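The values are calculated or read from the model by the stated rules, or taken from the named source; none is laboratory data. Note that this is a predicted model, so its numbers are computed, not measured. Cβ placement follows ideal geometry from the backbone for every residue including glycine, while neighbour counts extend to all protein chains displayed. Keep in mind that these areas ignore ligands, DNA and RNA; they rest on the heavy atoms of the full protein, side chains included. Shrake-Rupley method; radii C 1.70, N 1.55, O 1.52, S 1.80 Å.
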Amino acid sequence: MRRLAATFENSNGKRRRLSVKEANPNKTPAEIKASLEKLTLLNIFEEEGVVLFKKVITAKFVEKTETIIIDKNEKRPLAKPAVKDALTESSVQSVTAV
C-alpha cells in the first residue's frame, strides 16, 4: 500500500502530519505541492482557533510491505520461502548455548 505523507506547520508554528491513502503516484512533485498548498488556503481545518495546515514543510510517498511469518488464524498453509530457513543450525546452537 502506498500513501502520501505530508508535514505542515500550523499557525502556532508546531508540526502537523497528514496522510493520504492511495494518493496518485503519477502526479509530479509540482502538482503534489500545489495540491497541498491549496489546503493551506482553505482555513477550514481549525482546532481551538489554531489553523492546522498553515504551511507545507515536507511530502513523500511511503510504501508499506508486510510479510506474514506466522498466522495462526490462517486456514491454509503458508507458502514455503524460496530462501534457506531464517534460523540456521549455527544460529540455533548459539541460542541454546546461551
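Assorted remarks:
- Selected residue [at pLDDT 95 or above, surrounded by 11 or more Cβ atoms within 10 Å (Cβ to Cβ), assigned to a loop (DSSP other than H, G, I, E, B) and of a type outside the set (Gly, Ala, Ser)] from ASN24, ASN12: ASN12
- Residue satisfying all of: in the range 15-28; of a type outside the set (Gly, Ala, Ser) and touching a residue at least 12 places away in the same chain (Cβ under 8 Å); farthest from PHE61 (Cα to Cα) among these: ARG15
- Here LYS33 fulfils each of the conditions (1) assigned to a loop (DSSP other than H, G, I, E, B); (2) at pLDDT 95 or above apart from (1).
- With respect to the conditions (1) open to solvent by 80 Å² or more (accessible area, probe 1.4 Å); (2) farther than 17 Å from VAL51 by Cα, LEU4 lacks only one, and its number is (1).
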